[in-house]
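As structure tokens, the structure follows; a few thoughts come after it.
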Amino acid sequence: MQEQEFAEYGDQYIDGAWRPSGDSGSIAVLNPATEQVLATVPAGAGADVDAAVAAARRAARGWAATTRGERIALLTRLRDGIAGAQAEITATVVAELGAPVGFAGAVHAGLPLTVATSYLTLLAEYPFEERIGNSVVHAEPAGVVAAITPWNYPLHQIVAKVVPALAAGCPVVLKPAESTPLVARLFARLVDEAGFPAGVFNLVTGTGAVAGAALVAHPGVDVVSFTGSTAVGRLVAETAGRGLKRVALELGGKSANVVLPGADLARAVNVNVANAFANSGQTCSAWTRLLVHRDQYEEAVGIAAKAAAKYLPGDPADPQTRIGPLVSARQLARVRGYLEGALAQGARLVAGGPEPLAELPVGFYVRPTVLADVTPDMTVAQEEVFGPVLAVLAYRDEDHAVEIANGTDYGLGGGVWAADTDTAAAFARRLDTGQVDLNGGRFNPLAPFGGYKNSGLGRELGRHGLEEFLQYKSLQY
Ligand code: NAD
């Protein structure tokens, strides 16, 4: 395990410069693999939030008036900065999130680069003016954006909000998650180096209850783009609603992967295990429920158990490691609680379990777990665990599979496997969810990402993500 240097940061990035926080208090950032404090960052509150929103408001008109070409030039420099900092991003996310280094490089560093690049292409082509009959409709920036992000894909979630907001012509105040502010600081440095005008991007680290809540309630904020838990999303929407602010919410999930008879069962189950365990299961759209026809159930459970045994938790800095720790002691206690609850409700353990790992006494490690005999009414089949836990459920026929898949409050991701993609697509059309991958279809960074039901409001990524930050003015001729 590499020794990390401890850093004490006292500044926030506000109005184009790093400035001492105007609030007292700090947040300790832990390395979840070592439980050592990596750094402290300011716990921003009223003073920092006010200063950041004021800076963003001052910058709003000027930034809205920039040309598409000026915005593309600055965003290209930011994208190039992200490209040049891939190794540093990877090391930062390994340290503060505990993501395995291979996954951190490919996804935590690589995906933000892909998304930033996708917005450059989109911005070059996007029709900000459209003629409709005797009107010309202008798509204009929706105003000052508060971006509030979680810790699980810390840079991706920042880029997926900040880049389209800036592309649309909106200034941003970013409040990243308490557990992962270091990659947010790195991002702020890259924005600074790209040379954006002062106030166009601002970073306030702080707690959700104080800095996050102050930002959402702030009268100077026009748009709130939030990713996080459904419980907090509800609060955010209530507060934003009182201020008549536009709100986009990317919330939790309990996504189902449905294997229809005729599909390649081994492939479907192996891909599901990898999907459910990626990022230690801390993925909002993870396929946490595997639905298999009852005639193939025991075979599927056997394949899943065998696949799960290959995921040995270990040091995330070791390139051999496929699964690292959870982000925090709190998440560890929560995941273990769900596992104990599932066993008490009658689930059958076929891999993993709630017991601590004797060989890893330090770090927030949990055993990657497969639960069989899970029924749709069990808590583990209804609530988001946010850990490497796969529940395997049996269905009788297609209608029953649809009923189970749609039978939660969530609707974010999903998978369908069938003998052919037409059959898979026909089934997927019956699912109440925002995304479905057919026979292992790849993630598309331009496709709208977001939830049905309690998984959220609005969409991120691609054109749909850009339009969250636009409002329309119609001129009649
Ligand atoms: P969280 O809701 O606790 O926190 C998310 C962010 O909101 C953090 O920055 C936090 O500081 C802030 N926050 C907390 N309370 C707040 C308040 N009262 N007002 C304003 N801001 C507040 O969630 P988390 O534990 O950080 O993240 C995990 C959750 O995020 C999971 O439920 C997961 O499914 C969800 N998530 C969803 C998506 C998606 O795109 N749908 C992506 C990633 C994570």
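Every number here is computed from the coordinates shown, using simple stated rules; none is lab data. Remember, predicted model here, so these are calculated numbers, not experimental data. Here Cβ is always computed from backbone atoms with ideal geometry, including for glycine, and neighbour counts include all displayed protein chains.
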Dipole in debye (nearest 20) - region 255-445, about Cα centre, beta carbon charges: Lys, Arg +1; Asp, Glu -1: 460
Dipole of the chain, positive direction: furthest Cα of THR207, THR67, TYR338, with charges on the beta-carbon: THR67
Using θ = phi - 60° and Karplus 6.51 cos²θ - 1.76 cosθ + 1.60, couplings along region 103-112 (whole Hz; Gly, Pro as x): 5, 4, x, 6, 9, 5, 9, x, 5, x
Helical contribution to [θ] at 222 nm, DSSP H n ≥ 4, -39,500 (n - 2.57), averaged over the chain, rounded to 500: -11500 deg cm²/dmol
C-alpha long axis of helix 230-242 to longest principal axis of the chain, angle in °: 30
Calculated from backbone phi, Karplus (6.51, -1.76, 1.60) coupling profile of region 442-450 in Hz, x at Gly/Pro: 6, 4, 10, x, 9, 7, x, 10, x
Total charge dipole magnitude, the chain, about the Cα centre, Cβ charges on Lys, Arg, Asp, Glu only, Debye to nearest 20: 820
Percentage of interatomic Cα-Cα distances in region 67-221 larger than 18 Å: 58
Proxy reagent accessibility, fewest Cβ within 10 Å first, across TYR410, TYR9, TYR311: TYR9, TYR311, TYR410
Euclidean distance of C-alpha centroids, region 280-354 and region 374-437, integer Å: 17
Built amide H within the under 5 Å cut-off of VAL247, gap 5+: VAL224
Rh by Kirkwood over Cα pairs, then Stokes-Einstein D for region 255-445 at 0.692 mPa s and 37 °C, µm²/s: 199
Placed amide H near GLY22: partners under 5 Å, 5+ positions off or other chain: ASP48
Calculated FRET value between ASP409 and THR114, using beta carbons and R₀ = 30 Å, to 0.05: 0.45
Integer Hz, Karplus 6.51/-1.76/1.60 couplings in order for region 41-58, x for Gly and Pro: 10, x, 8, x, 9, x, 5, 5, 5, 4, 5, 5, 5, 4, 5, 5, 5, 4
For ARG396, ARG429, order by how many other beta-carbon atoms lie within 10 Å, fewest first: ARG429, ARG396
Nonlocal amide H pairs with LEU326, under 5 Å, H built at 1.01 Å: PHE364, TYR365, VAL366
Helix 154-168 vs. the chain, principal-axis angle (Cα, 0 to 90°, nearest 10): 40
Alpha carbon Rg of the chain, scaled by the compact-globule rule 2.2 N^0.38 Å: 0.98
Calculated FRET value between ARG267 and TYR477, using beta carbons and R₀ = 51 Å, to 0.05: 0.35
Residue order, fewest to most beta carbons within 10 Å, for GLU359, GLU383: GLU359, GLU383
Farthest toward positive dipole pole in region 255-445 [+1 Lys/Arg, -1 Asp/Glu at C-beta], among GLN296, ALA266, GLY387: GLY387
Model label zone, ILE132; criterion: amide N under 17 Å from point 7 Å along Cα-to-beta-carbon; scope region 182-225: none
Antiparallel %, DSSP beta bridges [both residues in region 255-445], to 5: 15
